[in-house]
Structure formats: structure tokens, C-alpha cells
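**Student:** Structure incoming, see below.
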2 protein chains.
Amino acid sequence: MKIRGENPVCIAGAGMTAFGRHEDRSLRNLFAEATSTALAHAGIGAGEIGMVVAANSMAGMLQSQESVRGQVMLAGTQFAGVPVVNVENACASSSSALQVASWALLADRVDWILVVGYEKLFNPDKALTFSALASASDVPEDKRVGSIFMDFYASRARHHMDAYGTTVEQMAAVSAKNRRHGALNPQAQFRDEVSVEDVLQSRVVADPLTLLMCSPISDGASAVVLTRGDRLAVNAPVVAVKGLGLNSGDNTGPEFKTIRRTAWQAYAQAGIEPTDIDIAEVHDATAIAEIEACEALGFCERGEGGGLAESGVTTLGGSLPVNASGGLCSRGHPVAATGIAQICELTWQLRGECGERQVNNAAIGVAENHGGLVGDDVAVAAVTVLERIQ
Amino acid sequence: MKIRGENPVCIAGAGMTAFGRHEDRSLRNLFAEATSTALAHAGIGAGEIGMVVAANSMAGMLQSQESVRGQVMLAGTQFAGVPVVNVENACASSSSALQVASWALLADRVDWILVVGYEKLFNPDKALTFSALASASDVPEDKRVGSIFMDFYASRARHHMDAYGTTVEQMAAVSAKNRRHGALNPQAQFRDEVSVEDVLQSRVVADPLTLLMCSPISDGASAVVLTRGDRLAVNAPVVAVKGLGLNSGDNTGPEFKTIRRTAWQAYAQAGIEPTDIDIAEVHDATAIAEIEACEALGFCERGEGGGLAESGVTTLGGSLPVNASGGLCSRGHPVAATGIAQICELTWQLRGECGERQVNNAAIGVAENHGGLVGDDVAVAAVTVLERIQ
């Protein structure tokens, strides 16, 4: 893939809504805010956009809007007529959409592309929300009881504790860190800090995972504008998409092998090693997922993710801050909007625009996003490597 | 876009299920048949496939399967682990997926890609099927009464009759022709011929459209294998993807302007004129849509599509056969499977593999696929130009 070439795919602008409970706002309204802030950040008008790749995962079941979801979001706006591709890949929908948009750019299909992730999970019928979430799996409809995903992560957590001696305190440390980071992020759903003790004392969702170890139900939208590097100003910071990994789950074992091979696919494309990475956003759908993702991404050895979480390395101020945004546990997790929210955070960090939560001199960032469940593995893993190239 | 280059995107193989009422077969079963026949046609094994682009439009509402639909189709098969992108664009879902796959090839992301369209519309709850179909529009949920799409086409038909003197007999001629073609297609849903009189006497669905002027509810799946030309054998026919147009609707007027500009986008890329085209598959969701599509594609002047339908030009044996497969009215219309079914037909025709319905010496074929409804225009238009290059 030509992504490392002289004229790479670049992120011209990034914007998102605050994530949270937005029952008074429509999906269209959230989509529009993310889009307009990304365009403003890129400094271009809607008329420049030659294509929109729109990622949503559950509007069919939750808003009875299938098929042409993105076009409906754009109807009557300045984007009328622009080609739209609707992409769906569960919690990894918008990072998959980023890949589709990158291919379209590399194929010289268009010059400027908008990628939007948008999702409204809060619903007056709470059972419908859980039913929609459960549909991101190969579990037959009549067997979808409880929270399939929290059960999946709980089982992983128990395995990790048994195999490596990982403790609930280490998982709680992940959550406390991410809430501390989220407190510095105006767009985070939860902005109050919690202690390790608070995390341990919150109610058990799926043993050993407590409520504060789990990402919440959220509404929100996120967007980036992509173009080729030669179209960007030479006197501003430029963030390039240097590596893209995408795979489906293929094992039923207890390790995040699918995420590992996807990370190495992206690293190889970018020409980097894990030690080159300055900052990461990982998919902490639960605290154990961050611990395992850090291992799969090569930030530590297999089994050492719990220790890493307590070491301070992954905290703001540490040598490799993970989820400076607050991650899914604190920023929130509107399914299809999460992947691009990670890309937004890395873009802003690499450009030095993150204010209180800014990581100093970050040049290379990696985003790990996964979703869905097939067999006993994630259905999708997507890893993106971004690099500030000027 | 580099699609006309020395090493174009090519269709290595094409396969589909029969379209029809398959209440005894699962979506997975239909998906698997289309996939295995396309692989067999390409002469390659599943292990060669580096990516799957899967197009489905309504499994969220109809099968409670959102988010990772393609991965669920592939779970436990030889494709385990292969990256999957799920694409949705109403009736144009799988032709949009073809474009995504072409970009991935042109970006050198993979060498062999499988594109699959699959849909099961028959449902024990018939109202749910109509509700899912209506969701492919920007009509608010509480205003989706009757068949939004048949009302849309009926309104277009009345306008065409008023403005150009188009007659119901001309529309019936389209249907009778397509049923005559479909009678020669083993994969068509309806294989019995009907006369113009039969069409006119069938019940009115939305005045002036009668039942036999409308595409049916269908189940089915279709698939193609794509690769770059340099990977194909030199001693076999090779069909290349020479032009790809994709747009969203941007007008509320009575003309198919969105389809016209999409066609010219594809023609420009392919370096062809309408007069170069030997065979076409168009989106006859209703008979009037074929009449208007022929005009939008430049096969005749605006307003002359009715006369063209009666002239014999578009019939097998005529100078420009349209819908030799039987089209949507006869082959059937399992929403997301239709776009690739058109590509299957053109591929087989250009390779000379169509038996009784073979068009002689066809070298250039065009497929027109549209879907959804936003405002008073189609939500998506997709046009593909294929050419036999050896």
C-alpha cells in the first residue's frame, strides 16, 4: 500500500461533539456539529468536500433508519449531491470508514473527504438499546441475554487474573487514570475524578468488572477531513495517516491476537516499532480491554498490562500516555463515533492543541479500536498510526 | 482516478444465487452460495481473498443483525480473519461496495477482494418488510404510509406521461420485454412470459403502475471477485472495471439528473460515449425507471424512452439490449444484492457465457443502479462501465 509515500493521506481537520446523554438532540444535529467543527478546523468550506464516508452502527434498530443513513443526515445541507458511502463495523465503524476514505484518496477518487462517526444510543426503550448492542455479535437473537459484551470482557478479566495474577486494583487503576484524564477533556461524558477505591466499590456489572470499569451508554458524533499532503499549507502542523491495520477475529483463544496482528500490520506500513510511539488511544470498552490492548500493541509483554497500568507510564506525564482523552470509560462510547474520536484526540495532541491534557512533543500516535463479537473473539480490529510530519 | 491505467481493476469471477422467495434458507446460506460460485468462476480458493466488502441494507430491522453483518456471515468459514467492511447504500449497496473494493485495489491494499451483496426481504411479518424498505428514505417514521417508493415512481410516471406523451402501453412493453428476457435466465425469480395486455390488466399498485410493472420482494445474494489485471491469465477473457460513478441526489426536479451526471462521470473515466455501449443493465425498480434510465444514460433523448422501449432496440436481438437478465422486474430485487447481480450479468455477457440470452460480441457494458429517497430524488446513483479488454 502506498500510504508511506511522498504524498500521504493527511488529517486536515478534526472535530466532535461532547459525548454524553443528548436526548434533546437529533442524530442529524450531532452529525452537523461534528462536521462543521471538523471543516472549521481544516479551514475549508463544505463545497470542497468530494465525498462523505459515514459510519453508524445501530440507527436501523434504534432510529428505524437503515440503508441511506448518511444521505439522510446530509439532506438539505450544503453537502447535497456529494457521494456518500455508509460503513458499518460495530464499535470500529468509523475507524473502518477512515480506511475506506484513505483508499479513495489513494485511488485519486477525490481530493477532500469527510469521515463522520455518529450514534445515538440513549433510547426511551432501554431494552432496545441493549438489544441493538447485542446485535453486533453472532449470538442468535434468542440467546442474547444480559450484556453479551460485558460478559465477554469479564471472562477475559478472569482469565487474565488467573493466568498472570492481574488484580482488580490494577483494573481499577486504569479507570481512575482515565477519569483523571477525562476531567481535563471538555468533550468527555464524565468529568469527575474517581479513586481506585471508588471504582472497586461501584456495583458489579459482570464479575469482576464494576460499573466504573465499564464504558457508558453515550450519544455523540466525531468527524475528520482527509486530503493528500500536497494540498496542505507548508507553515502549519501536518498529521499524516502512516499506517492502517484492519482485520476480523480469527481465534477463540484468550489472547488479543487479532488486535496484535492488526497492530503489526499498521506498524509495518508506517515503518515503526512500538518503542517509537509517543501516545496511544486504545479501546477501553472495559478496564481489562485497555490492559490487554497495551499488551497487544507491544507496550509491554503479555501479562504485564496490569503492572503497566499501575506504573504511571500510561498516565499523563508518563512516558507513554494512554487515553489522554479519558478513553471510552470517561469520554464516553457512542459506538460508531468512537474510532474517529480517537483520531480527533491524536490529531489534536500531535498538533499541540490539547491544552491542560497536552502531551509534550508527541510525534507518533496510535489508535486501537475494536468491536463486535464473533465466536470468542472481537469481530473487528482496526489500528491507525498517525505521525506529525511537519 | 487511475482506473483506466495499464493495470486496471478486473472482475475475475462472478456468481449469484437464484433470486426469489427463499424462506427456507438463511442469509448465511445465500451468502455462502454466491461466494462459492464467484470463487469457482474466478478459479481461486478462499485463501487468496485478502478482504471482503459486504453489502446488506436491511438485516438490522429484518434479521436483528446490525454492525458486523458480514463477519457474522463469514464466521466459522474459510474466510475467518479476513478484514471485512460492511457497506450500506439502499438498493445501490453492492455497487457502492464494488467502488470501495476498487479503491482498496487501486490503493494496493490487497490483491484479491470479494464483494458480496445479500438480502432477505421475505419475512413472516410482512409489515416489517415494508417498514424496512421505507426506512431507506428521509421520510419521518410516522409519515411512512403505503409504499413510499412506488408512490415516488408513480409520480414520475404521471409526469413523464404529461410532459412527453409516454403511454402505459410503453411502460407495459418494458415489463413484457424484461419478463421475456427473464424467461431465459435460470436465476430469475419470474420465468414466465407475460404480454403487454397481461401487464396492463394486473392490479394497480400506484396509479398508473400495475403489479407487473413493479419489481417484487426477493431474497438472494450475488458476489464478484476483483483483482488487478496483471494477475489474470492471458489466455482467457478479461473484463475490466473502466468507469465508476457515484453520487447522492441533489435535485427535486422531475428529471433523473443525478443518474445522468453519475453516468457521465463513469463514461468520462472510461473514455467512452453512450454510442460505444453494447449492453446495459438498468435499475427497473419499476418500468418507468427503465424508461427514464435509458434517457439519463444517453441511449435516447429526454422524453423518448417510451418510444425506445417499443422500438425493439433494447430487446435481445436489438442493437442495445437492456436488462438481458430480466432486470429487477423479472430477475427479482433483493435490495443490496441487485447491484452486483447487474455486474454478474454484464461480466457473463462480456465473456460470452450467457447461453440462450447471450448478446453477440458485446465488449462494453454499463450498469445503472440507484436507491433510496431523499427529498424528491434518489438518495444514491451508481453507474459502472465494464469492458472486455482481451
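**Student:** Given the options B:Ala280, B:Ala309, name the one that is within 11 Å of the chain's Cα centre (by Cα) and either part of a helix (DSSP H, G or I) or hydrophobic (A, V, I, L, M, F, W, C) (or both).
**Tutor:** On the way: B:Ala309 fails: within 11 Å of the chain's Cα centre (by Cα).
Matching residue, one of B:Ala280, B:Ala309: B:Ala280.
**Student:** Let me ask something additional. Among (1) open to solvent by 10 Å² or more (accessible area, probe 1.4 Å); (2) more than 14 Å from A:Gly50 (Cα to Cα); (3) more than 11 Å from chain B (Cβ to nearest Cβ), which single condition is A:Ala75 missing?
**Tutor:** (3)
**Student:** Test A:Asn86 against the criterion of being more than 30 Å from A:Leu211 (Cα to Cα), at pLDDT 95 or above and in contact with a Lys or Arg (Cβ under 6 Å, 6 or more places away or on another chain), and give yes or no.
**Tutor:** Yes; evaluated as a whole, the condition is true for this residue.
**Student:** Tell me which residues, restricted to region B:217-247, are open to solvent by less than 10 Å² (accessible area, probe 1.4 Å), in contact with a Leu (Cβ under 8 Å, 6 or more places away or on another chain), part of a strand (DSSP E or B) and more than 16 Å from B:Trp112 (Cβ to Cβ).
**Tutor:** Correct list: B:Asp219, B:Gly220, B:Ala221, B:Leu244.
**Student:** Select from region A:374-390 the residues that are away from every other protein chain (no Cβ under 14 Å), open to solvent by 10 Å² or more (accessible area, probe 1.4 Å) and β-branched (Val, Ile, Thr) and list them in ascending order.
**Tutor:** If we filter region A:374-390 for residues that are away from every other protein chain (no Cβ under 14 Å), which is where we start, we get A:385-390.
Filter again for open to solvent by 10 Å² or more (accessible area, probe 1.4 Å), leaving A:387-390.
A:Ile389 - this is the single residue of region A:374-390 that is away from every other protein chain (no Cβ under 14 Å), open to solvent by 10 Å² or more (accessible area, probe 1.4 Å) and β-branched (Val, Ile, Thr).
**Student:** So which residues in region A:1-23 are at pLDDT below 95 and outside any helix (DSSP H, G or I), if there are any at all?
**Tutor:** Matches in region A:1-23: A:Met1, A:Gly5, A:Glu6, A:Asn7, A:Pro8, A:Glu23.
**Student:** Then there is this: For B:Asn369, state whether it is among the polar types (S, T, N, Q), within 10 Å of the chain's Cα centre (by Cα) and either surrounded by fewer than 24 Cβ atoms within 10 Å (Cβ to Cβ) or closer than 16 Å to B:Glu292 by Cα (or both).
**Tutor:** Yes.
**Student:** Report yes if some residue within region B:31-49 is open to solvent by less than 10 Å² (accessible area, probe 1.4 Å), facing chain A (nearest Cβ under 9 Å) and under 20 Å from B:Gly339 (Cβ atoms); otherwise report no.
**Tutor:** Among the residues of region B:31-49, not one is open to solvent by less than 10 Å² (accessible area, probe 1.4 Å), facing chain A (nearest Cβ under 9 Å) and under 20 Å from B:Gly339 (Cβ atoms), which makes the answer no.
**Student:** Residues in region B:292-314: is at least one touching a residue at least 40 places away in the same chain (Cβ under 8 Å), out of contact with any Cys (no Cβ under 8 Å at 6 or more places or on another chain) and of a type in the set (S, T, N, Q)?
**Tutor:** There is no residue in region B:292-314 that is touching a residue at least 40 places away in the same chain (Cβ under 8 Å), out of contact with any Cys (no Cβ under 8 Å at 6 or more places or on another chain) and of a type in the set (S, T, N, Q).
**Student:** In addition: Condition (residue is modelled with pLDDT of 95 or more, more than 7 Å from chain A (Cβ to nearest Cβ), more than 24 Å from B:Arg231 (Cα to Cα) and assigned to a strand (DSSP E or B)) applied to region B:97-115: is it met by at least one residue?
**Tutor:** For region B:97-115, residues modelled with pLDDT of 95 or more, more than 7 Å from chain A (Cβ to nearest Cβ), more than 24 Å from B:Arg231 (Cα to Cα) and assigned to a strand (DSSP E or B): absent.
**Student:** For B:Val68, state whether it is more than 22 Å from the chain's Cα centre (by Cα) and open to solvent by less than 10 Å² (accessible area, probe 1.4 Å).
**Tutor:** Against the criterion (more than 22 Å from the chain's Cα centre (by Cα) and open to solvent by less than 10 Å² (accessible area, probe 1.4 Å)), B:Val68 qualifies.
**Student:** Now, a different point. Which of the residues belonging to region A:278-308 are of a type in the set (A, V, I, L, M), open to solvent by less than 10 Å² (accessible area, probe 1.4 Å), more than 13 Å from A:His370 (Cβ to Cβ) and out of contact with any His (no Cβ under 9 Å at 6 or more places or on another chain)?
**Tutor:** Within region A:278-308, A:Ile279, A:Ala280, A:Ala287 qualify.
**Student:** Mind listing whichever residues of region B:198-227 are within 22 Å of B:Ala54 (Cβ to Cβ) and touching a Phe, Trp or Tyr at 6+ places or on another chain (Cβ under 9 Å)?
**Tutor:** Of everything in region B:198-227, those that are within 22 Å of B:Ala54 (Cβ to Cβ) and touching a Phe, Trp or Tyr at 6+ places or on another chain (Cβ under 9 Å) turn out to be B:Ile217, B:Ser218, B:Asp219, B:Gly220, B:Ala221, B:Ser222, B:Ala223, B:Val225, B:Leu226, B:Thr227.
**Student:** Out of the residues in region A:349-366 that are in a helix (DSSP H, G or I) and surrounded by fewer than 24 Cβ atoms within 10 Å (Cβ to Cβ), state the one that is nearest to the other protein chains (Cβ to nearest Cβ).
**Tutor:** So the residue we want is A:Arg351.
**Student:** Additional query: Which residue is surrounded by the most Cβ atoms within 10 Å (Cβ to Cβ), if the candidates are limited to region A:265-275 and must be away from every other protein chain (no Cβ under 14 Å) and in contact with a helix residue (DSSP H, G or I) (Cβ under 9 Å, 6 or more places away or on another chain)?
**Tutor:** A:Ala270
**Student:** Among what's in region B:78-94 and is open to solvent by less than 10 Å² (accessible area, probe 1.4 Å) and farther than 13 Å from A:Asn247 by Cα, pick the residue that is farthest from the other protein chains (Cβ to nearest Cβ).
**Tutor:** B:Ser94
**Student:** So B:Ile259 fits all but one of (1) in contact (Cβ under 8 Å) with a residue 40 or more places away in the chain; (2) farther than 30 Å from A:Met73 by Cα; what number is the exception?
**Tutor:** (2)
**Student:** Could you please find all residues in region B:154-190 being in contact (Cβ under 8 Å) with a residue 40 or more places away in the chain and open to solvent by 60 Å² or more (accessible area, probe 1.4 Å)?
**Tutor:** B:Arg158, B:His159, B:Tyr164, B:Glu169, B:Arg180, B:Pro186, B:Phe190
**Student:** Quick check: is even one residue across region B:68-76 touching a helix residue (DSSP H, G or I) at 6+ places or on another chain (Cβ under 6 Å) and either under 28 Å from B:Pro237 (Cβ atoms) or not in a helix (DSSP H, G or I) (or both)?
**Tutor:** no
**Student:** Another question, if that's okay. Quickly run through region B:121-155 and pick out the residues that are touching a Lys or Arg at 6+ places or on another chain (Cβ under 8 Å) and aliphatic (A, V, I, L, M).
**Tutor:** Matches in region B:121-155: B:Ala134 only.
**Student:** While we're looking at this one, here's another question. Among the residues of region B:51-67, is there at least one that is out of contact with any Ser or Thr (no Cβ under 8 Å at 6 or more places or on another chain) and either more than 11 Å from every other protein chain (Cβ to nearest Cβ) or assigned to a loop (DSSP other than H, G, I, E, B) (or both)?
**Tutor:** No, region B:51-67 contains no residue that is out of contact with any Ser or Thr (no Cβ under 8 Å at 6 or more places or on another chain) and either more than 11 Å from every other protein chain (Cβ to nearest Cβ) or assigned to a loop (DSSP other than H, G, I, E, B) (or both).
**Student:** What are the residues in region A:133-148 that are among the β-branched types (Val, Ile, Thr) and in contact with a helix residue (DSSP H, G or I) (Cβ under 7 Å, 6 or more places away or on another chain), if any?
**Tutor:** Scanning region A:133-148 gives A:Val139, A:Ile148.
**Student:** Oh, and also: Can you name the residue in region A:108-141 that is surrounded by fewer than 24 Cβ atoms within 10 Å (Cβ to Cβ) and β-branched (Val, Ile, Thr) and is also farthest from A:Ser93 (Cα to Cα) among such residues?
**Tutor:** A:Val110
**Student:** Run down B:Phe130, B:Phe122, B:Phe149, B:Phe79 and say which single residue is out of contact with any Phe, Trp or Tyr (no Cβ under 7 Å at 6 or more places or on another chain), closer than 27 Å to B:Arg231 by Cα and of a type in the set (Phe, Trp, Tyr).
**Tutor:** On the way: B:Phe130 fails: closer than 27 Å to B:Arg231 by Cα; B:Phe122 fails: closer than 27 Å to B:Arg231 by Cα; B:Phe149 fails: closer than 27 Å to B:Arg231 by Cα.
From the options B:Phe130, B:Phe122, B:Phe149, B:Phe79, the qualifying one is B:Phe79.
The values are calculated or read from the model by the stated rules, or taken from the named source; none is laboratory data. Note that the structure is a prediction, hence the values are computed from the model and not measured. Positions of Cβ are generated from backbone atoms using ideal geometry, with glycine treated the same way; all protein chains shown enter the neighbour counts. Please note that ligands, DNA and RNA were not included when accessible areas were found on the heavy atoms of the full protein model with its side chains. Shrake-Rupley method; radii C 1.70, N 1.55, O 1.52, S 1.80 Å.
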